[in-house]
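I have placed the structure first, in the form of structure tokens, so that the comments after it can refer back to it.
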Amino acid sequence: MRKELTEINGRIDSVIYRSDESGYVVARLLMEDGDDIVVVGVMPFLGAGEEIIAMGEYVTHPKHGPQFSVVSYSRRMPTTVGGIYEYLASGTIKGIGAKTAKAIITAFGDEALEVIANEPQRLTQIKGISLSKAVGIGESFVRLNSMKMIMDFLSHYKLPGYVSATLFKTYGTAAPELLKRNPYVLCERGYDLDFDEVDRVAMDMGFSKDCPERLEAGLLYELAFNAENGHAFIPEEKLLEATATLCESDEESLFECLESLIEKGRVVPDNVRGRDVCYLEHLYKCENFISDEIKRLRDMKLVPPPNIDGLISKNEKLYNIEYGEGQREAMRMCFEKGIALITGGPGTGKTTTLLCLLELMEANGLEVLLAAPTGRAAKRMSEICGREAKTLHRLLEALFDSAQGTTGFRRDRSNPLKADVIIIDEASMLDLLLASALLDAMKPHTRLILIGDADQLPPMGPGSFFSELLACPDIPQTRLTEIFRQAQGSDIVVNSHMINRGEMPALRKNDVDFYFANARTAEKTASSVLALITERIPLKFGIQPEDVQVICPSRQLDCGTTSLNTLLQRYLNPPSPQKAEVKMGNVVFRQGDRVMQIKNNYDLMWRRLDSPEVGTGVFNGDTGNIVFIDNAAGTLVVRYDDKEADYTIDEINQLEHAYAITVHKSQGSEYPAVIIPLFAAPSRLLTRSMLYTAVTRAKKLLVIAGREEIVRQMVDTNKKNKRFSALKYRIMGNVNDI
């Protein structure tokens, strides 16, 4: 039963805590009856002296005592001289402190706020306020009011407050009026709000179902949604059909809106292999830019060092290693070509090839940079190579481009990376956007080496960059196929290659490092996962629960990540009076929880644990542990390897538990032990590449728990979801062929 809300009103006496990013506030309210209470909630840019009417409920914080939790509120700026002074003296407006506030009140009395907003030049009457300072104070006040209006709009319609900063950065003081004129801007890139969520707001505001703003937003939303699912473009007929279903509209009206978007340059039409298609503008430019750069690298003329085979043989003797012919071919190729692709499964010598290649290049005076798409992959690359490897976001110095609502990078054509060679590991994870950013940051003479496993799942973002390059016969490439003797002793390696060939792995062998635990029901599968992670694996193999990762094909059903995370949290990190926790909907985040960032946040601040370095940016797939929660301040701290990041209450929805993660989220990572529960999942997820990718995440131990017939179904299903992308055709020069 829903609790009945209580109404209180009064004047803000002081602000104890305020987050301008999320709008979360802790403040002391002087109520009309003379009592005071601490109020907490999302009340953006609330300042001392303001009067509010708040709806909510009284709660008792275990540490801070009685509070009033605000659900909704309305406010008005102070009108009395005393209230205006308190508001100005609170420091809310940049450039005004207690002394300046007193002088302004003395000069203008209860008209002070009106003067600051509309005639700031009159502030020069006050000693110490120059014209530039007066204008700055006025601008600060207008900006503040604009932000308040944005946050009030979002709060009124129960939309997340974190989009306010991006809205203001993009549209400035025009943002509040724009939201009223066209709330569908919130569907665009950078805000990531669901169309249905924004549509609800627009309907409440009186927009009609067939208005151009709605239909154009629907078209752009479908293009963006499909880009997130891997498609660089959408065939025109599919775009119109999908949007007609989304908007409950006719295709004729949508076609007119599509023509309008094309005229505005927001959608680019093209013909791919005889089919009319539609691109989002940035993806069209991206695909063409990549094609041009890859062709340039392909045609680059290089002079390899003399006697390259002799140098490789010398390295063999030095390390008592015998390289296979495929490895030798790969090394020669990297010295002779501007771009080189090296692909192969586990145990085929990609790492050994990389180490030799790195030494030979450095010995020949080449400056080499190492990078990988994820933090875990970059860390593993550093450990293997004994040299620094960065994530691509860190290498390119990621930032958020508020004007475009997209990721930007400080490193680009005007500020390129200083390197002769750039080597990227786990290249199968590169989508078109990241690949484009990398190519844009390369100097003309810099060569590119991409190392990856072409048989793993494609990237989360648009395109299949690595696979499409491998599909171009004139791009230099080597596929390593020989499984080396030391890897043949691993059942993980042997079985992964069997899976990749379409053969059933040896489930009954159950020794070395690959095991199968049969379970005939979903409940027994989940129980088996729990017993494995809490008892059997630690006791038999000495691998502790924190080093065991559960990887699932799906988020759904009893053996999906959602259900298993709830189960595993209950046993691995149970509630305790010593552990603070915060609840978001039905999900409880507790101190000590293993969590994952599920969207790119380029503004989130972090600090290194072992140095004074600070920076911004936590990215989709980063995994860490909650080390601190402060409910009064509405914040929590997550430790990611060697750094910590602070989250406000409004940013917690960017986290989810990571005791169990999906196969897609595990890409680029390697774990000491992996458990794969396979009982049931949507059929589209039960594929060979899904199983192969999951199995190859395990370093020391792999356990499959569930039904043998599901394993067989996945091995037999070699279906790859078709992605709409024309990169390989553009590189080969036949994009318009039928």
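The values are calculated or read from the model by the stated rules, or taken from the named source; none is laboratory data. These figures come from a predicted structure and were not determined experimentally. Reconstructed Cβ throughout: ideal geometry from the backbone, glycine too, with neighbour counts over all protein chains shown. For accessibility, only protein heavy atoms count, side chains too; no ligands or nucleic acids. Shrake-Rupley method; radii C 1.70, N 1.55, O 1.52, S 1.80 Å.
Check off (1) in contact (Cβ under 8 Å) with a residue 60 or more places away in the chain; (2) open to solvent by less than 20 Å² (accessible area, probe 1.4 Å); (3) under 23 Å from the mean Cα position of the chain (by Cα) for residue 163 and give me the number that stays unchecked.
The one condition residue 163 does not meet is (1).
Rundown of residues vs (1) under 15 Å from residue 136 (Cβ atoms); (2) modelled with pLDDT under 85, yes/no style:
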position: 67; (1), (2): no, no
position: 80; (1), (2): no, yes
position: 85; (1), (2): no, no
position: 104; (1), (2): yes, no
position: 111; (1), (2): no, no
position: 118; (1), (2): no, no
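Just checking, which of 551, 537, 543 is under 25 Å from the mean Cα position of the chain (by Cα) and in contact (Cβ under 8 Å) with a residue 40 or more places away in the chain?
Going through 551, 537, 543 in turn, the sole match is 551.
Based on this model, can you work out whether residue 694 counts as in a helix (DSSP H, G or I) and surrounded by 24 or more Cβ atoms within 10 Å (Cβ to Cβ)?
Considered against the rule, which asks whether it is in a helix (DSSP H, G or I) and surrounded by 24 or more Cβ atoms within 10 Å (Cβ to Cβ), residue 694 comes out as yes.
From 210, 192, 196, grab the single residue that is open to solvent by 40 Å² or more (accessible area, probe 1.4 Å), under 30 Å from residue 458 (Cα atoms), not hydroxyl-bearing (Ser, Thr, Tyr) and not in a helix (DSSP H, G or I).
192
Per-residue answers, yes or no, for (1) touching an Asp or Glu at 6+ places or on another chain (Cβ under 7 Å); (2) under 24 Å from residue 192 (Cβ atoms); (3) at pLDDT 95 or above:
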{"position": "228", "(1), (2), (3)": "no, yes, no"}
{"position": "231", "(1), (2), (3)": "no, yes, yes"}
{"position": "253", "(1), (2), (3)": "yes, no, no"}
{"position": "257", "(1), (2), (3)": "yes, yes, yes"}
{"position": "261", "(1), (2), (3)": "yes, yes, yes"}
{"position": "273", "(1), (2), (3)": "yes, no, no"}
{"position": "276", "(1), (2), (3)": "yes, no, yes"}
{"position": "279", "(1), (2), (3)": "yes, yes, yes"}
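Has the stretch 95-109 got at least one residue that is open to solvent by 50 Å² or more (accessible area, probe 1.4 Å) and not in a helix (DSSP H, G or I)?
So far as the stretch 95-109 goes, no, none of its residues is open to solvent by 50 Å² or more (accessible area, probe 1.4 Å) and not in a helix (DSSP H, G or I).
Which of the residues that make up the stretch 227-259 are open to solvent by 30 Å² or more (accessible area, probe 1.4 Å), part of a helix (DSSP H, G or I) and polar (S, T, N, Q)?
If the condition is that a residue be open to solvent by 30 Å² or more (accessible area, probe 1.4 Å), part of a helix (DSSP H, G or I) and polar (S, T, N, Q), then 245, 253 are the ones that fit.
Quick one: which of 669, 725 is polar (S, T, N, Q), farther than 30 Å from residue 493 by Cβ, open to solvent by less than 50 Å² (accessible area, probe 1.4 Å) and assigned to a loop (DSSP other than H, G, I, E, B)?
None of the other options fit; the residue is 725.
Among the residues of the stretch 544-582, which ones are assigned to a loop (DSSP other than H, G, I, E, B) and more than 27 Å from residue 689 (Cα to Cα)?
544, 573, 574, 575, 576, 577, 578, 579, 580
Looking at the structure I just gave you, is residue 660 of a type in the set (A, V, I, L, M, F, W, C) and over 30 Å from residue 283 (Cα atoms)?
The answer is yes for residue 660.
Give the number of residues within the stretch 501-536 that are under 30 Å from residue 320 (Cβ atoms) and either among the hydroxyl-bearing types (Ser, Thr, Tyr) or touching a helix residue (DSSP H, G or I) at 6+ places or on another chain (Cβ under 6 Å) (or both).
Residues that pass the stated criteria total 3.
So if I check each of 624, 592, which one is small (Gly, Ala, Ser) and either part of a strand (DSSP E or B) or modelled with pLDDT under 90 (or both)?
Exactly one residue qualifies, and that residue is 624.
Tell me, please, whether a residue that is on the phi < 0 side of the Ramachandran plot, of a type in the set (A, V, I, L, M) and part of a helix (DSSP H, G or I) can be found in the stretch 68-83.
Yes; the residues of the stretch 68-83 include at least one that is on the phi < 0 side of the Ramachandran plot, of a type in the set (A, V, I, L, M) and part of a helix (DSSP H, G or I).
It is to be established whether one or more residues within the stretch 491-508 are touching a strand residue (DSSP E or B) at 6+ places or on another chain (Cβ under 8 Å), in contact (Cβ under 8 Å) with a residue 40 or more places away in the chain and among the small types (Gly, Ala, Ser).
no
Given (1) open to solvent by 20 Å² or more (accessible area, probe 1.4 Å); (2) of a type in the set (A, V, I, L, M); (3) closer than 29 Å to residue 576 by Cβ; (4) without any contact (Cβ under 8 Å) to a residue 12 or more places away in the chain, where does residue 627 come up short, assuming only one miss?
Of the numbered conditions (1) open to solvent by 20 Å² or more (accessible area, probe 1.4 Å); (2) of a type in the set (A, V, I, L, M); (3) closer than 29 Å to residue 576 by Cβ; (4) without any contact (Cβ under 8 Å) to a residue 12 or more places away in the chain, the odd one out for residue 627 is (4).
Please enumerate the residues belonging to the stretch 679-691 that are crowded, with 19+ Cβ neighbours inside 10 Å and assigned to a loop (DSSP other than H, G, I, E, B).
Answer for the stretch 679-691, where residues must be crowded, with 19+ Cβ neighbours inside 10 Å and assigned to a loop (DSSP other than H, G, I, E, B): 679, 680, 681, 686, 687.
Checking the conditions here, which among 483, 451, 475 is assigned to a strand (DSSP E or B), touching a residue at least 40 places away in the same chain (Cβ under 8 Å) and under 27 Å from residue 323 (Cα atoms)?
It is 451.
Within the stretch 369-383, restricting attention to residues that are closer than 12 Å to residue 670 by Cβ and either in contact with a helix residue (DSSP H, G or I) (Cβ under 6 Å, 6 or more places away or on another chain) or surrounded by fewer than 16 Cβ atoms within 10 Å (Cβ to Cβ) (or both), which residue is modelled with the lowest pLDDT?
The extreme case among them is 383.
Which residues, counting only those in the stretch 505-542, are in a loop (DSSP other than H, G, I, E, B) and either polar (S, T, N, Q) or under 14 Å from residue 572 (Cβ atoms) (or both)?
510, 521
Can you name the residue in the stretch 646-666 that is under 24 Å from residue 609 (Cα atoms) and at pLDDT 90 or above and is also most open to solvent (accessible area, probe 1.4 Å) among such residues?
Taking the candidates together, the pick is 656.
Checking the condition open to solvent by 50 Å² or more (accessible area, probe 1.4 Å) and touching a Phe, Trp or Tyr at 6+ places or on another chain (Cβ under 8 Å), which residue from 565, 600 passes?
Just one listed residue meets the conditions, 600.
What residue, of 76, 122, is closer than 25 Å to residue 634 by Cα and basic (Lys, Arg)?
Among 76, 122, only 76 is closer than 25 Å to residue 634 by Cα and basic (Lys, Arg).
Just name the residue that is nearest to residue 291 (Cα to Cα) out of those in the stretch 436-446 that are open to solvent by less than 30 Å² (accessible area, probe 1.4 Å) and in contact with a strand residue (DSSP E or B) (Cβ under 9 Å, 6 or more places away or on another chain).
Restricting to residues being open to solvent by less than 30 Å² (accessible area, probe 1.4 Å) and in contact with a strand residue (DSSP E or B) (Cβ under 9 Å, 6 or more places away or on another chain), the top hit is 439.
What are the pairs, 6+ residues apart or on separate chains, where a residue within the stretch 436-447 that is closer than 17 Å to residue 469 by Cα has its Cβ under 7 Å from a residue that is among the charged types (D, E, K, R) and part of a helix (DSSP H, G or I)?
Matching pairs, first to second residue: 439/293.
Restricting to the stretch 645-660, name every residue that is outside any strand (DSSP E or B) and among the hydroxyl-bearing types (Ser, Thr, Tyr).
Within the stretch 645-660, just 659 meets the criteria.
Pick out, from the stretch 266-374, the helices (runs of 4 or more DSSP H) lying fully within it that include 1 or more residues that are basic (Lys, Arg) and within 32 Å of the chain's Cα centre (by Cα).
Correct list: 281-298, 350-363.
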